[in-house]
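Here the structure is laid out as structure tokens; the discussion comes afterwards.
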Amino acid sequence: MIHPEKIIFGLDSFGDIPRDSEGKLFTQAEAIRQVIKEAKKADELGIDVIALGEHHRVDYAISSPDTVLAAIAAITKKITLATGVTVLSSDDPVRVYERFATLEAISSGRAEAVLGRGSFTESFPLFGYDLQDYDLLFEEKLNLYSKLLDEKPVTWEGSTRAPLKNADVFPKTEKGKIATRIAVGGSPESVVRTAKYGFPLTLAIIGGAPARFKAYIELYKKAAAKFGQQTYPVAVHSHGVIADTDEEAIELGWEHIGPSFTRIGRERGWAPMSREQYDNEVKGGSFYIGSPETVARRIAGMLKTLGAGRFELVYGAGELPANIRERTIELYATQVIPRVRELLSEE
């Protein structure tokens, strides 16, 4: 059963490079400062979470999300500071723990590590990892990270990094543990692994009708029961644009999200996104694009369908102008979120 007052609402950014009011593309440095500005606005408006993705490519500015989150921590009060995701496979679990424990201290307990295998693979050759070890790297490193969360000396051995013998890691956190989630794109094996280690699950849904992902949530629950682990409310993140009218939002999305998906798809061998495909995602798929009322009804419907307890809007895809991004945040906080809670309370 969904309790509307307990649902968590957040924002996700990959550090997309926006344009200014005159159409000029921001520099990557300006794009990072824009995200910090947007996070401050989100905090002031009462949004629960800001999650920043890690990428190592020209169209995204954020390669070190925990560093940006530390800057955000200094100018915000309540908002949870998450990644979306930290690519654990090409990182070192000890350093990941240390960075998030440090962010936890800076933010007075608001850090959240969201770990994933990475939907982009640029970090693997960049840091000297072989893509043939894609699954093994994540499995072993998650195993080590899960032991580090106990904040006690660790003895560990694997094939993807040097062993540890009674190694203690610092700083320790005041709460005794770093909040951690696992983000999954669509792999049943990843869902089972999340349940096995007892972590909360985030579903990164970038396309398709929400109902088709219900099976993943059921799998998560069944696997957790099998391993004797606790389950947590599942989070969903998906792309969206919110404007004063449906027509404005839909055209903005097509102008900016469409080309972004086509560009990424070209790298992966996908066909370019057609207008028909885009419109289908807006009407019944996983693009939350439209006026506040339209978006609220679609989010509420998704939450009811999946029984999810958290939604994060990926709000700035493509070269969406900075003022449109800020307007989306404002409408999301002041109109969409309250309306979603209202709609769910009517059930």
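The values are calculated or read from the model by the stated rules, or taken from the named source; none is laboratory data. Computed from a predicted structure; not experimentally measured. Positions of Cβ are backbone-derived with ideal geometry, glycine not excepted, and every protein chain shown enters the neighbour counts. The protein model used for the area step is the full one, side chains on, heavy atoms only, and it has no ligands, DNA or RNA in it. Shrake-Rupley method; radii C 1.70, N 1.55, O 1.52, S 1.80 Å.
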Report summary line: Dividing the mean separation of Cα pairs under 8 Å (6+ apart) by the residue count of region 273-347 yields a relative contact order in percent of 40
Query raised in the report: How big is the Kirkwood radius of the chain, worked out from every pair of different alpha carbons and given in Å to one decimal?
Result: 20.5
Query - Estimated FRET transfer efficiency (residue 95, residue 27; beta-carbon r; R0 35 Å; 0.05) - result: 0.80
Report task. Distance check, please: which entries in 40/177; 147/177; 6/147; 78/172; 196/226 exceed 18 angstrom between their Cα atoms? Result -> 40/177; 6/147; 78/172
Query - Sparse-neighbourhood loop sites, GluC sites (Glu not before Pro) in region 92-125 - DSSP loop, at most 10 other Cβ within 10 angstrom - result: none
Query raised in the report: Straight-line reach from residue 283: which lysines have Cα under 20 Å away, leaving out those fewer than 8 places along the same chain?
Result: 214, 304
Requested in this report: Please sort through the DSSP H helices of the chain and keep those with an alpha-carbon extent of at least 15 Å along the long axis and a Kyte-Doolittle average not below 0.0.
Outcome: 93-106, 292-306
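Report the full-extension gain for the segment residue 283 to residue 245: residue separation times 0.36 nm, less the Cα-Cα distance, to one decimal in nm.
12.2 nm
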Report summary line: If each part is reduced to its alpha-carbon centroid, region 168-221 and region 251-278 end up apart, in Å, by 27
Query raised in the report: Using 7 Å Cα-to-Cβ label points, what is the residue 172/residue 155 separation (nm, one decimal)?
Result: 2.1
Query - the chain - charge dipole about Cα centre, Lys and Arg +1 at Cβ, Asp and Glu -1, debye rounded to 20 - result: 1020
**Report entry** Loop sites in region 81-124: chymotrypsin sites (Phe, Trp or Tyr not before Pro), DSSP, at most 11 other Cβ within 10 Å
**Finding:** none
Report task. Please give, to one decimal in nm, the separation of the simple spin-label points placed at residue 3 and residue 75, each 7 Å out from Cα toward the Cβ. Result -> 3.5
Query raised in the report: Any idea of residue 270's accessible area? Nearest 10 Å², probe 1.4 Å.
Result: 130
Query raised in the report: If you take the beta carbon distance between residue 214 and residue 270 as r and set R0 to 22 Å, what does 1/(1 + (r/R0)^6) give as a FRET efficiency, to the nearest 0.05?
Result: 0.35
